[in-house]
Amino acid sequence: MNGRDPAVGRRAFVVGAGAALINGGAAQPAQAEPDVGSVIVDGPLPGFHPALKDELDFPLAWGRSGVRDFRSWRRIARAKVEETLLVEPDGDGTPYDPEFGERAETPSYTRELVTLALTRYEPVRGALLTPHGPGPFPAVLLLHDHGARFDIGKEKLVRPWYDDTRLASAQAWADRYFSGRFVGDELARRGYVVLALDALGWADRGPLAYDQQQALASNFYNLGSSLAGLMAREDVRAARFLAGLDRVDRRRVAAVGFSMGAYRAWQAAALSDDIAAAASVCWMTGLKEMMVPGNNTLRGQSSYYMLHPGLARHLDFPDVASIAAPRPMLFFHGAQDPLFPAEGVRVAHEKLRAVWRSRRAGERLHTRIWPDLGHVFTAPMQDDVFAWLDTVL
């Protein structure tokens, strides 16, 4: 999830001579104080943020760009997203070199740890669950949330049989957000191969301290790279690894996630042809509708995992997700979710529906708002996602 950031500085005002200079005018006499509004407002946002928002018209969106052939548009839009990632694709073909570790059997599936190279920079450890039977099986790339909880990553979704300390933390997380279930284990019991890996900063790749996120992201930018871009590239590579396993039917691979994991799921579907379907729970909105005073995104820190510099000058969030059309996609939201204003969800869903309808594939897009729920992925929501996956894979 986005993570609940600590409160930031209070509203700041600049008045008098200093304000006049900031606004490009001459200093005013003390007795003629100018009428100056807030320079920095809630969030903090610049006082002129409405003007910045008005300039965003997402000219590369399908239906606005002038490109009439959808396949051509997908290619152009994907290239623009990839450009803003600031992280080059793995053109040198870094071998995954998977190493399989601690293994445990359950009555219906096998658990094993796997370490692999998603980039040329460092190995990543994950959990791989495989149903008993001959296969090949459908598969799910399961993408963990943020939640400002860094001691567990993959363990939020797959029961950590290998670490009792993490098990206690993971069970508390599952109780809070997932009706006590481990979503990955539920999927494996239902016949899906499941791969869950740590994003940079979590579990075996951390734990990151909460207030280090912004510094980590800025250091990536100073090094000519991007934290959010790295996560996007790694998710695409993880999808390719999963699709290439002998135990997996490569035509039936889905991405599934909650909160930040939901963002990662539709983003990976937009950027990877290895993903046949995606289910995103509690992360889809219009950008402009999200950028309002008080929204969690404005506080920085966690938002850097989902920030691609300059992308908003070309595409909105639902425009990026639409690159995956007309593949099956699911978007669930809780009407009581404080992180995503209802208007932003409505705008995003309308944009998505328009794209899928334009491809004569409206039935492949499933959107639902759960009226009594907040930022959670409860058992009934999970059951609906599992049933949907059974129909589209």
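The values are calculated or read from the model by the stated rules, or taken from the named source; none is laboratory data. These figures come from a predicted structure and were not determined experimentally. Every residue, glycine among them, receives a Cβ derived from its backbone with ideal geometry; neighbour counts consider all protein chains shown. Just the protein is used for accessible areas: all its heavy atoms, side chains included, with ligands, DNA and RNA removed. Shrake-Rupley method; radii C 1.70, N 1.55, O 1.52, S 1.80 Å.
Is there a residue being touching a Leu at 6+ places or on another chain (Cβ under 6 Å), open to solvent by 10 Å² or more (accessible area, probe 1.4 Å) and within 27 Å of Phe178 (Cβ to Cβ) anywhere in segment 278-286? Step through it out loud before you land on a result.
Keep residues of segment 278-286 that are touching a Leu at 6+ places or on another chain (Cβ under 6 Å), which gives 279.
Filter once more, keeping what is open to solvent by 10 Å² or more (accessible area, probe 1.4 Å): none.
Checked segment 278-286: no residue is touching a Leu at 6+ places or on another chain (Cβ under 6 Å), open to solvent by 10 Å² or more (accessible area, probe 1.4 Å) and within 27 Å of Phe178 (Cβ to Cβ).
Is one or more of the residues making up segment 238-252 over 24 Å from Gly93 (Cα atoms) and not hydrophobic (A, V, I, L, M, F, W, C)?
Scanning segment 238-252, I find no residue that is over 24 Å from Gly93 (Cα atoms) and not hydrophobic (A, V, I, L, M, F, W, C), so the answer is no.
Would you be able to tell me the number of residues in segment 50-65 that are surrounded by fewer than 16 Cβ atoms within 10 Å (Cβ to Cβ), free of Cβ contacts under 8 Å to residues at least 24 places away in the same chain and of a type in the set (Gly, Ala, Ser)?
Total satisfying the criteria: 1.
For segment 180-198, enumerate the residues that are open to solvent by 10 Å² or more (accessible area, probe 1.4 Å) and touching a Phe, Trp or Tyr at 6+ places or on another chain (Cβ under 8 Å).
Selection gives Glu186, Arg189, Arg190, Gly191.
Could you list, in sequence order, all residues of segment 191-215 that are touching a strand residue (DSSP E or B) at 6+ places or on another chain (Cβ under 8 Å) and among the charged types (D, E, K, R)?
Asp198, Asp204, Arg205
Looking only at segment 292-335, how many residues end up being open to solvent by 10 Å² or more (accessible area, probe 1.4 Å), without any contact (Cβ under 8 Å) to a residue 60 or more places away in the chain and either closer than 25 Å to His366 by Cβ or in contact with a Pro (Cβ under 6 Å, 6 or more places away or on another chain) (or both)?
4
For Pro44, all conditions in the list (1) at pLDDT 75 or above; (2) under 30 Å from Trp356 (Cα atoms) hold save one; what is the number of the exception?
Of (1) at pLDDT 75 or above; (2) under 30 Å from Trp356 (Cα atoms), only one is false for Pro44: (2).
Residue-wise test of (1) in contact with a Phe, Trp or Tyr (Cβ under 9 Å, 6 or more places away or on another chain); (2) open to solvent by 60 Å² or more (accessible area, probe 1.4 Å); (3) over 30 Å from Pro326 (Cβ atoms).
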residue: Val67; (1), (2), (3): yes, no, no
residue: Phe70; (1), (2), (3): yes, no, no
residue: Arg75; (1), (2), (3): no, yes, no
residue: Lys80; (1), (2), (3): no, no, no
residue: Pro107; (1), (2), (3): no, yes, yes
residue: Tyr121; (1), (2), (3): no, yes, yes
residue: Phe137; (1), (2), (3): yes, no, no
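Evaluate the following for Leu311: is it at pLDDT 95 or above and either touching a strand residue (DSSP E or B) at 6+ places or on another chain (Cβ under 7 Å) or closer than 22 Å to Ala354 by Cα (or both)?
For Leu311, the condition - at pLDDT 95 or above and either touching a strand residue (DSSP E or B) at 6+ places or on another chain (Cβ under 7 Å) or closer than 22 Å to Ala354 by Cα (or both) - is met.
Could you grab me the full set of residues in segment 359-375 that are open to solvent by less than 40 Å² (accessible area, probe 1.4 Å) and within 20 Å of Gly63 (Cα to Cα)?
Result: Ala361, Gly362, Leu365.
Restricting to segment 233-274, and then to whatever is touching a strand residue (DSSP E or B) at 6+ places or on another chain (Cβ under 9 Å) and assigned to a loop (DSSP other than H, G, I, E, B), can you tell me which residue is surrounded by the fewest Cβ atoms within 10 Å (Cβ to Cβ)?
Gly244
May I ask you to list the residues in segment 84-109 that are in contact (Cβ under 8 Å) with a residue 12 or more places away in the chain and within 20 Å of Gly153 (Cα to Cα)?
Selection gives Pro98, Glu99, Phe100, Gly101, Glu102, Ala104.
Based on this model, can you work out whether Val114 counts as part of a helix (DSSP H, G or I) and either in contact with an Asp or Glu (Cβ under 6 Å, 6 or more places away or on another chain) or farther than 13 Å from Glu234 by Cα (or both)?
Considered against the rule, which asks whether it is part of a helix (DSSP H, G or I) and either in contact with an Asp or Glu (Cβ under 6 Å, 6 or more places away or on another chain) or farther than 13 Å from Glu234 by Cα (or both), Val114 comes out as no.
Looking for whichever is under 24 Å from Asp390 (Cα atoms), surrounded by fewer than 24 Cβ atoms within 10 Å (Cβ to Cβ) and over 19 Å from the mean Cα position of the chain (by Cα) here; the options are Thr115, Thr130. Which one fits?
After ruling out the rest, the residue left standing is Thr130.
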